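Let me begin by presenting the structure, written as structure tokens, before commenting on it.
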């Protein structure tokens, strides 16, 4: 996975950098396509190599690729990787973006690749994050492409320490209802601002509330997969809300999210008692879609393997390719140091362009 991300960054995404100045919309589409195909390859590793099964209940979104904000409980650090298996069925891997902590953007290879794919990185400093959300929402709108943005409203994954901190903090709030055992209390400020900004930018059709649960082992971190701690089955329960049905004010949105999380806590409690979110008859089960996805992800795995093998041969055979790889790494290190990353540079460039366009005088209409 790490090698594939690095090769995709160097030989698929970075060559598109000149398009930042020539055609940002096409740059966005190309980098999103490259990331989406990489994620499809990863689902092959998860499902066909590790043998992880998925079960989906709730709303069937396989025929409806809406612009969406996805909210998910954060059980482990790997939730965002397992949800790729779900979204491959919904055919939205290309349009999927994830809200992540800013430290991840500087990881050589995967972090730089996620920047090119326009993932949203937050510093957890509210003044900075407000500007970041505004700029990237404007960039999403400028690119005029379908978008699905995944956010973990809990802010961090579930551990004994984070659970205690979350319950202690929530107990001091006037809206406190109960201590949570299966998820953390959601953080309201960031979610409310993100929803409001996306709604005002008119880049949002739905909010998809997804609950994830694990049957068998629960890997807490990447190293656990290497140690063989692999879940037998990952369960997803999906509920879609039309943006028009959601409340308008910040206070009401916060209350709505808290109700969602109360329902999620109860749903997870039932799940870890019965190992299922819903009765058997309500499970998503479309063998035709499963067969197509199985074929597509295996083709993606073969092509990505050939892609890696070809460029590995070139790196070892040609000094110019070695020099090019070195330049790519230096370029991204410079962008991280002086521009806070390629994604911040692109968003600021796009914001400056939109500001310039707004200042252009309106042409007078000629009259006969």
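What shape does the range 90-158 take by its C-alpha gyration tensor, where a ≥ b ≥ c are the square roots of the eigenvalues and a/c under 1.5 counts as rounded, a/b above b/c as prolate, and the rest as oblate?
Here the range 90-158 falls in the rounded category.
Arrange the following residues from fewest to most other Cβ atoms within 10 Å of their Cβ: 74, 116, 332.
74, 332, 116
Fewest first, what order do 277, 331, 21 take by the number of other Cβ atoms within 10 Å?
21, 331, 277
For the range 153-221, what does the convex hull of the Cα positions come to per residue, in cubic angstrom?
Taking the convex hull of the Cα positions in the range 153-221, it is 128 Å³ per residue.
FRET efficiency for residue 176 and residue 233, Cβ-Cβ distance as r, R0 = 35 Å, nearest 0.05?
0.55
Over all alpha-carbon pairs in the chain, figure out the percentage whose distance exceeds 31 Å.
Cα-Cα pairs in the chain separated by more than 31 Å: 38 percent.
So, by mean Cβ neighbours within 10 angstrom, what's the order for 294-301, 320-327 with the highest one leading?
Most protected by this proxy first, the peptides run 294-301, 320-327.
Evaluate the Debye formula for the range 221-348 with equal point scatterers sitting on the alpha carbons, no solvent, and hand back log10 of I(q)/I(0) at q = 0.16, 0.17 Å⁻¹, in q order, two decimals.
-1.13, -1.13
If I model a spin label at residue 159 and residue 285 as a point 7 Å from the Cα along the Cα→Cβ vector, what separation in nanometres do I get?
3.9
Cα convex hull of the range 208-295: how many Å³ per residue?
Hull volume normalised by residue count: 160 Å³.
Within a 10 angstrom radius of the beta carbon, how do 140, 241, 272 rank from fewest other beta carbons to most?
Placing the least packed residue first, the sequence is 272, 241, 140.
Considering all alpha-carbon pairs of the range 138-270, what whole percent are spaced by more than 17 angstrom?
66
Only the coordinates and a few stated rules stand behind these numbers; no lab work does. Every value quoted in this text rests on a predicted model; they were computed, and no experiment measured them. A quick note on method: Cβ atoms are made from the backbone with ideal geometry, for glycine too, and the neighbour counts reach across all protein chains shown.
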